[in-house]
Amino acid sequence: MSGISRRQFVKGTAAAGIAAPAIVGLKPGHAGEVNPVVISSANGLRAVETAYNKIKSGVDTLEAVIAGVSINEDDPEDNSVGLGGLPNEDGIVELDASVMHGPSGRAGAVGGLRDIKSAANVAYHVMKRTDHVMLVGEGARKFALAHGFKEENLLTEKSRVAWLVWKETMSDKDSWGPGLATPEAEKQQEQKVRGMLDEMKRGHLADWVIGLLRHRPAGTLNCLAINERGDMSGSTTTSGLAWKIAGRVGDSPLIGCGLFVDNAVGGAGSTGRGEENIKIAGGHTIVEMMRRGASPTDACLEACKRVEANYGGNKDKLVKFNMIFYALNKKGEHGSASLWSSAWRIDRYAGAHYAVCDAKGARLMNSAFLYDQQAR
Ligand code: GLY
């Protein structure tokens, strides 16, 4: 058991396998080098505040980030991660997550994880308790169970209804949904959705579900942190693209795409349509640009430009998705950039933002953007 004593190992696995021994191999910087700050995607206001407070009380940056993102993973009302995440096309929630620990230069990830809501913490256990970086599918689930994580059905009633409506309205060539003999079959999609939801006595969900049908979500939470010694960590966690093909893995668990941290330079992550980010290795690209002197915002904008270039600047195609990048450098400077000035969130268009917590408290800040939605 190289590097970890038997006593440490037993201590780490005893508490349901979820509490872990302190990270070994730290190369700490010096206290007072940097003002601590935590940033995240806009859905992470609670996450950044929790992680920041933990960092201020001396908790390791990665453990603090995981404590933050687990708030969203545990929340059934957050349909982008963990419990209540939107499912794949078969109605099964599959989670992706990654973690990177700057001081020890280590990483862990899971892809297509079923039945375990704490995907980021499972990724953390992959980092600490294996000689691998990534586990997927059934292997990841078995690994999580072996470490004491609780198995549960991650499909909430709200997500099930959303999936069922999608399933019943996506095609008129299968047998899902009202048949030809029903009046609904001849109505427009939105009328059908509203009618079905009224029938199900869930009318309050109608706008949300219609929004999901129009704007296929790829909600995700990326969180990056730096402490006063200049040590950095990050995590990205997601239920991925709604209604994806079973087994689809996005950018979030891919080191160098949905997350990258280099303790000497900075960290970066992303939310949005993972397929676009995978093709430009966004996380690594942004950190390398910061290494060459780019500000976090400029590095994120450059990543957006690379996504744009993959479509030859064709806005008719680019408008069909969004990507937002987030970056934090070694000095504690941060920034974010979005392909579009606003994106569909839950039931409306909302401006591109990211969450920040530092000595001034937790708040949303504006992301830069490449294209102005209003100008289209
Ligand atoms: N960015 C999350 C995903 O595409 O899965």
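Points to keep in mind about this one:
- The listed residue being open to solvent by 60 Å² or more (accessible area, probe 1.4 Å), modelled with pLDDT of 95 or more and either within 16 Å of the ligand (Cβ to nearest atom) or more than 25 Å from residue 72 (Cβ to Cβ) (or both), out of 331, 320: 331
- Criterion: farther than 20 Å from residue 354 by Cα, modelled with pLDDT under 95, part of a loop (DSSP other than H, G, I, E, B) and open to solvent by less than 10 Å² (accessible area, probe 1.4 Å) - qualifying residue of 206, 242: 242
- Yes/no for residue 275 being within 14 Å of the ligand (Cβ to nearest atom) and either open to solvent by 40 Å² or more (accessible area, probe 1.4 Å) or at positive phi (or both): yes
- Considering residues of segment 132-165 that are among the β-branched types (Val, Ile, Thr) and in a helix (DSSP H, G or I) only, the residue farthest from the chain's Cα centre (by Cα): 165
- Annotation note: of 278, 324, 255, the sole residue that is under 24 Å from residue 80 (Cβ atoms), under 15 Å from the mean Cα position of the chain (by Cα) and free of Cβ contacts under 8 Å to residues at least 60 places away in the same chain is 278.
- Pairs, first surrounded by 13 or more Cβ atoms within 10 Å (Cβ to Cβ) in segment 166-177, second polar (S, T, N, Q) and not in a loop (DSSP other than H, G, I, E, B), C-beta under 8 Å, six or more apart: 169/189; 177/169
- The one condition from (1) within 20 Å of the chain's Cα centre (by Cα); (2) closer than 27 Å to residue 267 by Cβ that residue 129 does not meet is (1).
- Test for residue 303: is it among the small types (Gly, Ala, Ser) and buried (at least 19 other Cβ atoms within 10 Å of the Cβ): yes
- Boolean, residue 255 is within 16 Å of the ligand (Cβ to nearest atom), closer than 19 Å to residue 61 by Cβ, open to solvent by 10 Å² or more (accessible area, probe 1.4 Å) and at pLDDT 95 or above: yes
- Between 312, 282, the distinction of being surrounded by 17 or more Cβ atoms within 10 Å (Cβ to Cβ) and closer than 21 Å to residue 371 by Cα belongs to 282 only.
The values are calculated or read from the model by the stated rules, or taken from the named source; none is laboratory data. Remember, predicted model here, so these are calculated numbers, not experimental data. In this analysis, Cβ positions are derived from the backbone assuming ideal geometry, glycine residues included, and neighbour counts consider all displayed protein chains. When the accessible area is computed, the model is the full protein with side chains, heavy atoms only, and any ligands, DNA or RNA have been set aside. Shrake-Rupley method; radii C 1.70, N 1.55, O 1.52, S 1.80 Å.
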